[in-house]
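The values are calculated or read from the model by the stated rules, or taken from the named source; none is laboratory data. These numbers were taken from a predicted model, which means no experiment stands behind them. Ideal geometry is used to build each Cβ from the backbone, glycine not excepted, and the neighbour counts take in all protein chains shown. Just the protein is used for accessible areas: all its heavy atoms, side chains included, with ligands, DNA and RNA removed. Shrake-Rupley method; radii C 1.70, N 1.55, O 1.52, S 1.80 Å.
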Amino acid sequence: MNSARDKGVWRECRALSQCLLPLIDQDPWRRDRRHDEFRERGLGVPEGERLLGTFAALTMHTVSLDSAVAGRPANVEALHATPLHTVAQTLMNKRDHELLAAAPTHADDDAEERDLATLRLLTYRTGHAAHVFAYLGSQVRATFDTLAGRSRTTTATCGDLRRWASQAKRLP
């Protein structure tokens with residue numbers, strides 16, 4: 001895959017992932033419950049929300065890279081055509097290391113690099129901390145499924161996610 005195109009896809013995955021929580025929080029109780037669950041797992045709220053966003057971006061990027069391996073286009077347009085349920089299902093079908101393989105080789109900034117490193121480290125943790133990666137994955141999957149379920153169309157896509165985020169003024 002062309003690295004410039006891949007970087008564009010990664011940036012779109014990051015942009016969309018940063019819109020997920022504001023969109024899901026249209027039900028105010030979801031934010032309060034999520035914050036309580038972060039605290040129960042020893043995560044600060046800002047850290048937990050950043051990690052959720054990074055995990056969601058990795059998941060979308062995994063779908064894009066899988067498309068490239070299968071010989072289909074792996075560009076922003078193809079990402080936008082991807083159903084949200086497909087992104088959610090990817091979390092059920094991939095192992096931790098397969099998701100992490102979709103991480104870019106170079107992060108755009110220090111915060112992104114720190115979050116990617118944290119997710120990598122979580123896969124090696126044992127005990128209570130080992131459950132944090134699984135928890136984040138389940139939350140990302142539930143978020144994509146919930147947003148897909150809210151759609152008035154039969155198959156909500158990542159392009160719909162972009163449109164909803166634009167309408168909510170969550171994108172530049």
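Residues considered: 146, 154. Of these, the only one that is open to solvent by 30 Å² or more (accessible area, probe 1.4 Å) and in a helix (DSSP H, G or I) is 146. State whether one or more residues within region 54-67 are over 25 Å from residue 109 (Cβ atoms) and either buried (at least 16 other Cβ atoms within 10 Å of the Cβ) or of a type in the set (D, E, K, R) (or both). Yes - at least one qualifying residue is present in region 54-67. The residue that is most open to solvent (accessible area, probe 1.4 Å), among those in region 106-126 that are among the charged types (D, E, K, R) and not in a helix (DSSP H, G or I), is 125.
For residue 7, the conditions (1) buried (at least 20 other Cβ atoms within 10 Å of the Cβ); (2) farther than 22 Å from residue 149 by Cα are fulfilled apart from (1). Of the candidates 142, 168, the single residue that is of a type in the set (A, V, I, L, M) and at pLDDT below 90 is 168.
Taken over region 36-80, residues that are touching a Ser or Thr at 6+ places or on another chain (Cβ under 6 Å) and part of a loop (DSSP other than H, G, I, E, B) amount to 1. Looking at 50, 31, 39, which is the one that is open to solvent by 50 Å² or more (accessible area, probe 1.4 Å), of a type outside the set (Ser, Thr, Tyr), at pLDDT 90 or above and under 17 Å from residue 165 (Cβ atoms)? Testing whether each residue is open to solvent by 50 Å² or more (accessible area, probe 1.4 Å), of a type outside the set (Ser, Thr, Tyr), at pLDDT 90 or above and under 17 Å from residue 165 (Cβ atoms) leaves just 31. One residue stands out among those in region 72-105 that are among the small types (Gly, Ala, Ser), farther than 13 Å from residue 6 by Cα and touching a residue at least 60 places away in the same chain (Cβ under 8 Å): the one that is least open to solvent (accessible area, probe 1.4 Å), which is 88.
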